[in-house]
Amino acid sequence: MRYTSSAIETLIEEFAKLPGIGRKTAQRLAMHILQEHSGEVEKLSRALLEVKERVIHCSVCQNVTDLGKDPCRICSSASRDRTVICVVESPTDVLAFEKTAQYRGMYHVLHGVISPLDGIGPDDIRIRQLLSRLSPDEGGSVKEIIMALSPTVEGETTVLYISRLLKPLGVEVTKIARGIPVGAELEFIDEATLSRALEGRSVL
C-alpha cells in the first residue's frame, strides 16, 4: 500500500534502505516523525547532517572520531597498552569490547572483511594501514595482534589472510577463543562471553 502523500512515501522508502529496517518498520518510523514536534525533527536532521560533516576515521586505528580529535580518544590515551592491537571488523565491535572493561590495548578497525562473492578484496579494507603500524619506523613496539573477527566464512578468510602477512614480521598473532557461536556477529555477543573469548585466545 502506498500513501496518498508523496512526502510520507519518500520518507518510508528512505527509512527502508537502512539495514534491518523493513517496510512496516519504516512506516512506523515515518508516522512517528510526522507526529513529532518540528523542533524534535530538526534536532534529528541536524544530528544526521553532523554525523556526515564531523565524523572522520582515526588516522591511527581507523575507528570513528570527531573532526579535530585525531588521533581518537583511545589512541591518545596514555593508559592503554600499546604493545597489543585487537583487529576488528567495524566500530561497533570496538564498542562491544570496550563494554567488557577487560581489554586495555589498542584497536585496528578493518571496515569490512574479505568477501570475493561481494567483490571485496584485501585492498578494499584497512589491511595496509594495519601493516604500516608494524613498520620499524613506528618503533616496533607491537608484540601481539589479536584477531577478533566474527566466526563467519568471510571472517575466517580474513584472519587467515592477515595472519600470513604478519607471520614474517615476528609479531605474535592470536585469535579469540570460540565460545562465540559460529556465524555470530561480535556486536551482539554479551560482555561475559566476549571477555572469556578474549582471555582464552590462542596463537595462530
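The values are calculated or read from the model by the stated rules, or taken from the named source; none is laboratory data. Since this is a predicted model, take the numbers as computed values, not measurements. Positions of Cβ are generated from backbone atoms using ideal geometry, with glycine treated the same way; all protein chains shown enter the neighbour counts.
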Can you pull out the residues in segment 120-157 that are at pLDDT 95 or above, assigned to a loop (DSSP other than H, G, I, E, B) and more than 25 Å from residue 177 (Cβ to Cβ)? 121
Of the numbered conditions (1) outside any helix (DSSP H, G or I); (2) surrounded by 13 or more Cβ atoms within 10 Å (Cβ to Cβ), residue 29 fails exactly one; give the number of that condition. (1)
Going through segment 111-129 in order, the residues found to be over 22 Å from residue 59 (Cα atoms) and buried (at least 16 other Cβ atoms within 10 Å of the Cβ) are 115
So for segment 35-52 (the condition being in the same structural domain as residue 159 (by TED's automatic domain parsing), among the hydroxyl-bearing types (Ser, Thr, Tyr) and free of Cβ contacts under 8 Å to residues at least 40 places away in the same chain), does at least one residue qualify? no
Conditions (1) in contact (Cβ under 8 Å) with a residue 24 or more places away in the chain; (2) part of a helix (DSSP H, G or I); number of the one not met by residue 11: (1)
